[in-house]
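Taking it in order: structure first as structure tokens, then the write-up.
The values are calculated or read from the model by the stated rules, or taken from the named source; none is laboratory data. Since we're looking at a predicted model, the values are computed, not measured. With ideal geometry, Cβ positions are generated from the backbone for all residues, glycine too; neighbour counts draw on all protein chains shown. Each accessible area value is taken on the protein alone, full model and side chains, heavy atoms only, with ligands, DNA and RNA left out. Shrake-Rupley method; radii C 1.70, N 1.55, O 1.52, S 1.80 Å.
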Amino acid sequence: MAHARYAYAFKNDSSHTIGVEFGSKIINVAGKSVKLQIWDTAGQERFKSVTRSYYRGAAGALLVFDITNRESFNALSNWLSDARALASPNIVILLIGNKKDLDADREVTFLEASQFAQENELMFLETSAKSGENVEESFLKCSKTILAKIQAGELDPERIGSGIQYGDSSTRRLLQEKNRRQQADCICRM
Amino acid sequence: MEDLKFKFFELINKQGHGAKIPLVGTVNDFETGTEDSCQDDIKIEDTKTEQTLADQEVLDSVLPEYFQCDGFDSALFELKKLPPVLNKQCIEEVCSQLERQHRVVSKQVLKLILDKTVVCEEEFARVLETKKLVGETVDAVKRARTDLSLAHQHFTTASLGILANYRKRTLVLDLLRSLNTIKTLERTEARLQELLSNGDFPGAISLLLECQGVAATYRHFACVAALSGKLQDTLDMAEEQLDVALSKMCYKFEADIYNKLQAAYSLLGKTRTAMDQLLMHFTSAIHNSAFSVVHSYVEQNNSTKKQYNELCKCVQETDFIPCLVSLCQALWKIVSSYHEVACWHQNHFSNSTATDDNFESNLNEQYVRQKLKNGLDRLWHDVQTRVSSLVLAVNLIHYKVDEFLQVLAILHRLEQIGKEFSQSESEELQNSIRKQSILYFRRYHAGRLDELRIFLENEVWTPCPVRPDFSLVHLQEFKGLRCSVQQCSGVGSSSSHGSQDGSVVGSGDGYFSRFTCSTSNTPFDTILDPNPLADSSFPDSINEPSGYFSEESDEEGPELHGEIAHNDRSSHNRYNKKNTLGGETCPLLTNTTLTVLRHCGKYLQMSRLLRFIAADVFVCLIQLFEYYLYSVHYFFASDLPKYQIEIPSSLKLQSVLKRIGDSLIQNPSEPHDESGQTVPAANISPDVDLTNSEQLFGLQERVVAVESLVFLAEQFKYLRPYLEQLLSASKHILTTFYSETVEVAPEVRHPVYSCVSYRSVDTQQALALMARVNWEVSDVMSQHSPYVDTLFRELQIFSMRLNEIEEHVHLNQEVLDTLWENVVRLLSFILVEGFSISNKCSNGGRALMQLDFTQLFSQVEKLCTLRPLPHRDFVDIYVKAYYLTDPVLEEFIKKHKEYSVKQLQALISCVCQGNKKSKQRLKTLLDEWDKLGMR
């Protein structure tokens, strides 16, 4: 997912993430330039030890599942509890249902997923990494929510491990956002 | 007879001069006639002889003078004959004689006349008759002539009339024919148009030429003059059409049309002109195509009337790749057409030389050949210029690496086409590639270094589980390089030939045979593939035949990932808890190591495409490694306890670290360097705890970090043969890098692990315990001192914790050995330091020292596998120096620089316990030497 975000183009041969991959992007949120550091972590169990450190100090997370794969949806609660346990309590989590383009093979309905999101106080979006639909929006939404939390005083950027750094000038914020990719398979087999 | 004849003449003359006999007939006739008459006279005379005898006598008496013909005056003659005395008688006598003679002669003459009268009359009658006949003849002739002339007149006039008419008819027919021809000529116009529009150029031209010939024949007709003018116009127009058709050949070569065109031009005798024209068309075709392609990618409003170069600058960054591809495609069509033209001529030459040896055509052929050859270079130069302008005009530094590689792949392909096309090295193109590449790569590398810093700062030094046989070739980024890297590493020397012959064109046949004009495909269609390096047709100069490699990578790719996926559940416990799998050891590496390797793959891909900046790329590659090395050392070796103990890192390592620090690491006091040449030093992630003694001061992280560095170094070593091939030109950088930087990587173990080792033993406590030991015992002790047990307990805890850590991370022999070596080093330091606390010592005390030392080391030997234990001598020699005599001790002090001044002073104090003088002397010596730096 981060890859799609990063490269702006769908890669057919995108493979499993080994360990953690990284991308960065500057986006504009409410007139402010925000630099995102995006960590694309492997979904495979054996990489858990490698990836857990990236939960720490993340300001936001995208929890991605594959709408054409029931199992990936079922595993969400595990990933969510991991994220809640390891990350800072103020982390903004976005639930992403990927492969929107393969509506015919859908195994998880929009309603189900949004219900899950509601129960767990997550935001929910369906995206297509292949077509790029909603990919940009998901990052934007995440960033906006984090900024709103800062402005509301819920989140203190000065606190160590907030995952947020102010940029050089007052208008520029450096936001470190660490993203969780839940299903390694979700892109490569498209 | 003559006389007779004479006489007759005389006679005739005498009788009157006028009586002439008409001269009819010939002289002969006359002679014979007279002869006859003479003969007749004689006969008459014979018969009458007697009667006339007298006459005869008279006749004879006639004086001969009288028979003279002219001028004879008879009277004068007779008078002269008279005697001087005139005598009458005599005169009378003469008179009578003369009278007689006269009579006789007259008679004779008369007689003769009578004799001849009948004959004369007869003769006259005949003459008259003859005259009459002659007159008749004349009449007949006259009549005949008249008739004849009439007949002649009649006959000639008629014939001439006929002839004249006939002639006229012929003329009229001729005229009619001419007029018909002219009429046809007039009509040819339409036919010509038809031929031209059908593309039958030679037909049209030959027809035109024929017409012109005919027109020249009928030049005398007034109407033809206008017609031939018109024909000339048509010819001009036809040539124009030929020219247009010729210019179309530049975009899409068609052999049929070109055949016709060439035939037409050779009919016109303009083969050379046609060639010049064609080359001009090619030039303008390139110009126009390039312009229109670029123009189509530039926003419409501001692009009018701009120079090509200016236009190139207006191309948006996002439009650049499609624009470049379109440009290449358009130019390819032209180049390919040119190639086909050249081929056509080549074939044509070989055909024509066999058949005719015409001088003129040979000359033309030579000319065309030369022109084509020259045109080749010029055309390619034009192509290069257009593409280079576009490439240089665009700012590529914000491009993603894949996109940039795509650009490179396109240009690389173009370069190869150039090589195939005109054996050109495409310098201009290469220069622009180089320029853009260096710009791009600098920027790219700066980005990567910065990214690497972020990785390092976020790295928690947890091992990243991989296959036991993992190597960099398994990474996605090495997909395209896998084969060649393995090949290079496997067979090494034998594969070096590949770089030469492989560089031509990947597969056997060239681009021109694979992509002909007739197909609409171009070599630039396939590059649009998002991963240019997976494209099998992309020739890899170091690679084996590319077909093989593409197949393999397709198969191996999924298999590789499949295996990872398959192993996922079953082996992840083993992966995680202990990085061993069936006795095999998994390489220890981190996420950041993987990142470096991935970058390495990308860099190598770039250097493969950009062999001329391969050295630059390699220098950057080195920097990645150096930054990793520097950071690992900086993170994990900077917390060495500050004891008076030998720094365990080698001079070589220190110099390497210093060099990296100077060249690569940004000085924090200096303003931020935007050039990307240096990078700020990374800070270790706050999540890494290096102070917890329970965790052996972050030993696990340290091991992962250092071993991942060693793994990285090994991977670089694995790459060495490949790199050697890649960088055959600048081997010294490579050699330096390997002999200095890579070789030094395992040496980082010492400073890093010694941090753990040194902290695991509480030196202060041990020294304090040792200070309390009494070395002035008189007896030789059988029991070692208690501090040995304290130290040993600490070591046992250390060993136990090591085992605990080994549950999580595999500690290889080198790690363990380094750890223990440093522990032993510390122990020996503690012992010597502790022994030197006291200035007093007895023999018994010395023996106790040896006992403690042996006890401690033998116990340590049980804990570790290091054999023999190092640093034994350090303690042993120090303890035994107690037994040395004065002069030997002096030598000892001078020689053993590994001991501190304090330790040696204590030794001197102990040795010279009873000898203050030598004690003082030795101490002074020691001080001097120390100051002079002699020890």
- Here FRET efficiency (C-beta to C-beta, B:Cys69 to B:His152, R₀ 51 Å, nearest 0.05) is 0.40
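Taking all protein chains together and a probe of 1.4 Å, list A:Met123, B:Met781 from the most accessible to the least accessible.
Solvent-accessible surface, decreasing: B:Met781, A:Met123.
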- Taking every residue of B:463-473, the Cβ atoms of other protein chains inside 10 Å of its Cβ average out to 2
- Share of accessible surface on carbon and sulfur in the range A:20-164, whole %, 1.4 Å probe and ligands ignored, is 48
- Task: Quick one: which residues, 5 or more positions from B:Val777 or on another chain, have an amide H under 5 Å from its amide H? H modelled 1.01 Å from N in the peptide plane, none for Pro or chain starts.
- Result: B:Ser842, B:Gly845
- Message: Compute, for the range B:770-932, the length of the dipole vector about the Cα centre, with Cβ point charges of +1 (Lys, Arg) and -1 (Asp, Glu) only. Units Debye, rounded to 20.
- Response: 840
- Message: 5 Å is the cut-off here: which amide hydrogens, built 1.01 Å from N in the peptide plane, fall below it relative to A:Glu126, excluding neighbours closer than 5 in sequence?
- Response: A:Gly97
- Task: Calculate one ³J(HN,Hα) per residue across the range B:833-843 by plugging θ = phi - 60° into the Karplus curve 6.51 cos²θ - 1.76 cosθ + 1.60, and present them in order as whole Hz with x for glycine and proline.
- Result: 4, x, 5, 8, 5, 8, 8, 10, 7, 9, 4
- Taking the simple approach of a point 7 Å from Cα along Cα-to-Cβ for both B:Lys894 and B:Asn803, what is their distance in nm? 5.1
- Starting at the first residue of the range B:807-814, write each ³J(HN,Hα) from the Karplus equation 6.51 cos²θ - 1.76 cosθ + 1.60 with θ = phi - 60°, in whole Hz, x for Gly and Pro. 4, 9, 10, 5, 9, 7, 4, 4
- Using a Förster distance of 60 angstrom, determine the FRET efficiency expected from the C-beta separation of B:Phe221 and B:Gln316, and round it to 0.05. 0.35
- Excluding residues fewer than 8 places away in the same chain, name every one of the lysines whose C-alpha is closer than 21 Å to that of B:Lys111. B:Lys5, B:Lys7, B:Lys14, B:Lys20, B:Lys43, B:Lys48
- Mean Cβ neighbour count within 10 Å, used as a protection proxy, ranking B:129-135, A:44-50 highest first: A:44-50, B:129-135
- When the accessible area of the range B:174-254 is computed with all protein chains present and a 1.4 Å probe, what percentage of it is carbon and sulfur? 56
- To the nearest 10 square angstrom, what accessible area does B:Thr865 show with a 1.4 Å probe? 90
- Task: Over 25 Å between C-alpha atoms is what I'm after, so list which of B:Lys306/B:Lys371; B:Lys371/B:Lys435; A:Lys48/B:Lys658; B:Lys902/B:Lys931 land there.
- Result: B:Lys306/B:Lys371; B:Lys371/B:Lys435; A:Lys48/B:Lys658
- With the charge dipole of the range B:770-932 built from beta-carbon charges (+1 for Lys and Arg, -1 for Asp and Glu) about the Cα centre, the Cα from B:Gly844, B:Ser828, B:Ser918 projecting farthest to the positive end belongs to B:Ser918
- Query: If r is the Cβ-Cβ distance from B:Asn347 to B:Ser296 and R0 is 41 Å, what FRET efficiency results, to the nearest 0.05?
  - Reply: 0.70
- Can you pull the one-decimal nm distance between simple spin-label points at B:Val619 and B:Val94, each 7 Å off the Cα toward Cβ? 17.6
- Query: Would you list B:Ser437, B:Ser197 from the most to the least accessible area, probe 1.4 Å?
  - Reply: B:Ser197, B:Ser437
- Query: What average count of beta carbons from other chains do you get within 10 Å of the Cβ of residues in B:585-595?
  - Reply: 3
- Message: At a probe of 1.4 Å, how much accessible area disappears from chains A and B on forming the pair, both sides counted, to the nearest 100 Å²?
- Response: 2400
- Taking a label point 7 Å from the Cα of B:Lys917 along the Cα→Cβ vector, which residues of the range B:865-889 have an amide N closer than 16 Å to it? B:886-887
- Message: Sort A:55-67, B:363-375 by packing, meaning the average of other beta carbons within 10 Å per residue, with the highest value first.
- Response: A:55-67, B:363-375
- Message: Whole-Hz ³J(HN,Hα) for each residue in the range B:91-107, computed from phi via Karplus 6.51 cos²θ - 1.76 cosθ + 1.60 with θ = phi - 60°, x for glycine and proline: what do you get?
- Response: 5, 5, 4, 4, 5, 4, 4, 5, 5, 4, 4, 5, 4, 4, 4, 4, 4
- So the carbon and sulfur contribution to the accessible area of the range B:770-932, 1.4 Å probe, in percent, is 50
- Item | Pairwise label distance in nanometres, B:Asp927 with B:Gln813, each label 7 Å out on the Cα-Cβ vector | 5.1
- Note on the structure: Spelling it out for A:Val64: with amide H atoms placed in the peptide plane at 1.01 Å from N, the residues 5 or more places away or on another chain with amide H under 5 Å from its amide H are A:Ile96, A:Gln182, A:Gln183
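Could you order peptides B:793-806, B:396-409, B:595-608, B:142-155 by the average number of other Cβ atoms within 10 Å of their residues, highest first?
Taking the mean over residues of other Cβ atoms within 10 Å, the ranking is B:595-608, B:396-409, B:793-806, B:142-155.
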- Query: Along the charge dipole of the range A:20-164, which of A:Thr127, A:Tyr54, A:Thr41 sits closest to the positive end, that is, farthest toward it, with unit charges on the beta carbon of Lys, Arg, Asp and Glu (+1, +1, -1, -1)?
  - Reply: A:Tyr54
